[in-house]
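Structure provided below as structure tokens; questions to follow.
The values are calculated or read from the model by the stated rules, or taken from the named source; none is laboratory data. Computed from a prediction, not measured in an experiment: that's the story for all the values here. When we count neighbours, we look across all protein chains shown, and the Cβ atoms used for this are built from the backbone with ideal geometry, even at glycine. Side chains included, ligands, DNA and RNA excluded: accessible areas come from the protein's heavy atoms. Shrake-Rupley method; radii C 1.70, N 1.55, O 1.52, S 1.80 Å.
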Amino acid sequence: MPEVDKEGKTYYEDIPQRGKLFFLKGSTELDWGMKNRLSRIFNPSDGHTVMLAIDHGYFQGPTSGLERIDVNIVPLLPDADVLMCTRGILRTIISPDITIPVVIRASGGPSILKELSDEQIAMDIEDCIRLGVCATAIQVFIGGQFESRSVINMTRLVDAGLRYGIPTMAVTAVGKDMVRDAKYFRLATRMCAELGAQYVKTYYVDEGFETVTAACPVPIVIAGGKKQPELDALKMAYNAIDQGASGVDMGRNIFQSDSPEGMMKAIKAIVHGKEKPEKAYDLYQTIKNKKN
Ligand code: 5RP
């Protein structure tokens, strides 16, 4: 016979059950698994993230800085909150004992030699589950030649993700001839959110970026874009966070820097430590000079 449980005054009938609102914009109504994965991507203490994007090879091949991911990128991982990469790189180069979450590139098809908006979903949701990823990433080409298809591809990935609690990050891709202004990014980011993306990656614009983040009901992270001088990239990250972005998903401005490690730490100081760009730049220089 099991021992009879002793009744005690442990029910606290006068205390309403505790619970708190979810910390991330637009995510309160999501299911537990989805929220748990988002909490691994975005730090619950400040709602921000530093994602290291190294997925460029899926359409560009071994772009500068990513020729040897084992040599140049793996040492940066301890300073990243999240790794964004393809399943090929994950399985061949990245050790499964990493503790940071992975956001997986799940679209692809055309190379830089062809029309880039001609992408498809390039991965089954079952493989995302098998790899234990925290989110999928897919390109959306608003205004591009294959606009509708890329949008519908995104909605299909969102539907698959909803079945298993895996968030979808929509990436607003900009064609060569497209105007990159706040009006365009308000349209692109809002469409992605309205059609179900749990968060959106977009580009920073100097004028009106705060209207892009305000009009988008889910978190926004910014891509770094083409390599710029380090201080300019740090100013961009600072301004983006200041104007409502929830983080960065940055690649070239980190791995093409003369001190990728210095840039990682400097970006982190801005995104999580609210450091001013000039101070973060000092940090980058200190780390760079120490290594030389
Ligand atoms: C490719 C991507 C990249 O991950 C993205 O552009 C981030 O890299 P970068 O900071 O170099 O722009 O989504 O389409």
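Could you quote the convex hull projected area for region 1-159, Cα atoms only and averaged over all directions, in nm²?
Approximately 15.4 nm², given one-decimal rounding.
Of all accessible surface on the chain at a 1.4 Å probe, what whole percent is carbon and sulfur?
That share works out to 51 percent.
By average Cβ neighbour count within 10 Å, what is the ranking of 166-175, 14-23 from highest down?
166-175, 14-23
Something else about it: Ratio of the chain's C-alpha Rg to 2.2 N^0.38 Å, to two decimals?
Here the answer is 1.07, to two decimals.
Can I ask one more? What percentages, rounded to whole numbers, describe P(r) for region 219-283 computed over all alpha carbon pairs with 5 Å bin width beginning at zero?
Per 5 Å bin, starting at 0, the Cα pair percentages come out as 4, 21, 35, 27, 11, 1, 0.
Can I ask one more? What are the extents of the Cα atoms of region 1-78 along their three principal axes, listed from largest to smallest and rounded to whole Å?
67, 38, 20
Continuing with this model, one more query. In whole Å, what is the distance between the alpha-carbon centres of region 108-183 and region 212-262?
Answer, in whole Å: 20.
Now for a separate question. Sorted by packing (mean other beta-carbon atoms within 10 Å per residue), highest first, where do 47-53, 205-211 land?
In decreasing order of mean packing, 47-53, 205-211 become 47-53, 205-211.
Need one number: nm distance between label points at Ala214 and Val74, each 7 Å from Cα along Cα→Cβ, rounded to one decimal.
Between Ala214 and Val74, the label points sit 4.7 nm apart.
Let's see if you can work this out: charge +1 on each Lys and Arg Cβ, -1 on each Asp and Glu Cβ, no other charges. What is the dipole magnitude of the chain about its Cα centre, in debye to the nearest 20?
Roughly 420 debye, rounded to the nearest 20.
Only Lys, Arg, Asp and Glu count, each charged at its Cβ (+1, +1, -1, -1), so figure out the dipole size of region 134-272 about its Cα centre, rounded to 20 debye.
340
Among Lys201/Lys265; Lys25/Lys288; Lys201/Lys288; Lys183/Lys274; Lys201/Lys268; Lys265/Lys291, which pairs are too far apart, with a Cα-Cα distance over 24 Å?
Correct reply: Lys25/Lys288; Lys201/Lys288; Lys183/Lys274.
Rounded, prolate or oblate: which one fits region 90-192, using the alpha carbon gyration tensor with axes a ≥ b ≥ c (rounded when a/c is under 1.5, else prolate when a/b beats b/c, else oblate)?
It comes out prolate by the Cα gyration axes.
Taking 41 Å as R0, compute the FRET efficiency from the Cβ-Cβ separation of Tyr11 and Leu131 and round it to 0.05.
With R0 = 41 Å, the Cβ-Cβ based efficiency is 0.45.
So, one more: For region 196-292, which trypsin sites (Lys or Arg not before Pro) are in a loop by DSSP, counting at most 15 other Cβ atoms within 10 Å?
Here the trypsin sites (Lys or Arg not before Pro) that fit, given the DSSP loop and packing criteria, are Lys226, Lys274.
Hey, what's the per residue convex hull volume over the C-alpha atoms of region 202-255, in cubic angstrom?
Looking at region 202-255, the number lands at 62 Å³ per residue.
At a Förster distance of 25 Å, what's the computed FRET efficiency of Leu231 paired with Asn292, Cβ-Cβ distance as r, to 0.05?
Rounded to the nearest 0.05, the efficiency is 0.85.
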